[in-house]
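What follows is calculated from the coordinates using simple rules that are stated; it is not laboratory data. All of these numbers come straight from a predicted model, not from anything done at the bench. Backbone-built Cβ (ideal geometry, glycine too); neighbour counts: all protein chains shown.
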Amino acid sequence: MIAAAVLAALATVCAVAAWRLTSARWTWRAPRTAILLWQSLGVTWGLASTGALLAYALEPYRQGVVHGLAAFLTTLEYGVREPHDLVRMGALVTGLTMLAVLVVVLLAAGAQTFRARHRHRVLLSLIARDEPAVPGVRVVDHPGAAAYCLPGLKSQVVISDGTLSLLSPGELEAVLAHETAHVRERHDLVLLPFAALRRALPWSKVVRDAHASVGLLVEMAADDRARRHCCPRRLATALLRFGTAAAVPTPQGALGASAGANVMARVNRLVQPGVGLPAYHRFLILAGSVVLAASAPLLWLIPG
Amino acid sequence: MKGLGELERTIMDILWAENAPLTAREVGRLIEDRDLAPTTVMTVLDRLSRKGFLSRTRDGRAWRYQPAASRDAYIAELMLEALDLTGDRDAALTRFAQAVSGSEAEILRKALTELEEQ
């Protein structure tokens, strides 16, 4: 019973923390640390909420969630003796369903992303050209402004013709440094589970906000890395030029409502860099994230 | 000898430039690399058809190939994804910056002028 109660408490703590974190601003002062905290909260929430249900349901086995589940799956017998056991059975079904949904959603999102990238890669190989002025970068002939990274084992940085004419050489260099940072740090893998969860639970405001928050943090992390190699002011003007130039006719609701605010937040960080989060704060958050992420798997193993 | 990928690209360019469906032999004649074996051209045409980039019709004993969609249509598809306008919100790409709508664009424009004046 203790494991179930602790797991339930842990799931609640994660949900509340996630809700608080969506509106936190200190995260902008340490994007990488904040991303790690988000990942830890996500994993722990998933394991704790399903684990709480399963721990309660499998309590009669007295072996913990992992071994209890193994025992249940080998015998496939679940003794219903008292009315109380029906509640346990309900918890078992709910817990297993939630776990299956989470796993399937993640796998489906991974597969869908993989397909979309493959299609994109094939199209690029037929259409994109190399430009001597920007070696290693693929250029698509389109007047609109676009710059992005197509992640994968061999990631590609792609820009449009419009970007080439929109930006000054210094700004272009800054944009490419930013995209290279995405490639290096595999930010796509950071975003994948949050995007998947958002598609699975489109009505959940917390999940939507979490995805948006992590998306912005990933951009800020890339900005931070880029500014080591380029002039931050050039990156800022490039951001502003992009935001205003990409005013293509867009379908209703296709754009994030806070796109403009996000661009301004990034620009302000670049132009007036505030003080980063003190090292010992970052260390505390880091240690907290690690403990949090380790706690749920441990609780899955504890009997009783 | 070109790589297969580059050859696919060359052949698509040829077929996009022509307005009529071509046979493998006609495509082969238009490729600059004269040493290319006719079977290689056929292989690549077949690959591109299977991937859905070419459609083919019977013409006597030969097949005639033409692009399934225009070059511009594929560019548009790439750009829709690049600008995150497909509505999918997937994590397929990481983009530099999002497009901004009317009133917000005005704020950014002002900020840009200020930054450039400093």
What are the principal axis extents of the Cα atoms in the stretch A:148-304, in Å, biggest first?
66, 40, 32
Please state the charge dipole magnitude for the protein assembly as shown, taken about the Cα centre, from unit charges on C-beta atoms (+1 on K and R, -1 on D and E), reported in debye and rounded to the nearest 20.
540
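What Kirkwood hydrodynamic radius, in Å, does the stretch B:4-67 give when the mean of 1/r is taken over all pairs of distinct Cα atoms and then inverted?
Result for the stretch B:4-67 stands at 11.5 Å.
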Here the Kirkwood hydrodynamic radius of the protein assembly as shown, Cα-based and in Å, equals 24.7
So which residue, out of A:Tyr61, A:Tyr78, A:Tyr280, gets the largest mean-square fluctuation from a GNM of chain A using Cα contacts under 10 Å as springs?
A:Tyr280
Out of A:Glu171, A:Glu77, A:Glu179, any idea which swings most in a Gaussian network model of chain A, alpha carbons joined below 10 Å?
A:Glu77
How fast does chain B diffuse by Stokes-Einstein, in µm²/s, taking the Kirkwood radius from C-alpha pairs at 25 °C and 0.890 mPa s?
139
Using the Karplus curve 6.51 cos²θ - 1.76 cosθ + 1.60 with θ = phi - 60°, work out ³J(HN,Hα) for each residue of the stretch A:279-293 in order, rounded to whole Hz, and write x for Gly and Pro.
4, 6, 4, 4, 5, 4, 5, 4, 5, x, 4, 5, 4, 4, 5
Fewest-first ranking of A:His182, A:His120, using other Cβ atoms within 10 Å as the exposure measure:
A:His120, A:His182
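If contacts are Cα pairs under 8 angstrom and at least 6 residues apart, what is the relative contact order of the stretch B:4-67 in percent?
Reported as a whole number, the value is 38 percent.
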Amide H contacts under 5 Å for B:Leu54, placed H, 5+ residues apart
B:Ser49, B:Ala68
Counting other beta carbons within 10 Å of each Cβ, put A:Ile2, A:Ile285 in order, fewest first.
A:Ile2, A:Ile285
Sparse-neighbourhood loop sites, trypsin sites (Lys or Arg not before Pro) in the stretch A:13-122 - DSSP loop, at most 14 other Cβ within 10 angstrom:
A:Arg25, A:Arg62, A:Arg81
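Okay, helix-only estimate at 222 nm for chain A: each DSSP H run of n ≥ 4 adds -39500 (n - 2.57), divide by all residues, round to 500 deg cm²/dmol; what do you get?
Roughly -24000 deg cm²/dmol at 222 nm, from the helical runs in chain A.
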Over all alpha-carbon pairs of the stretch B:71-117, lay out the pair-distance distribution in 10 Å bins, whole %, shortest bin first.
23, 35, 29, 13, 0
Given A:Ala196, B:Pro67, B:Leu36, which one lies farthest toward the positive end of the charge dipole of the protein assembly as shown, if we put +1 on the Cβ of every Lys and Arg and -1 on the Cβ of every Asp and Glu?
A:Ala196
Ranked by Cβ crowding within 10 angstrom, fewest neighbours first, how are B:Lys51, A:Lys154 ordered?
A:Lys154, B:Lys51
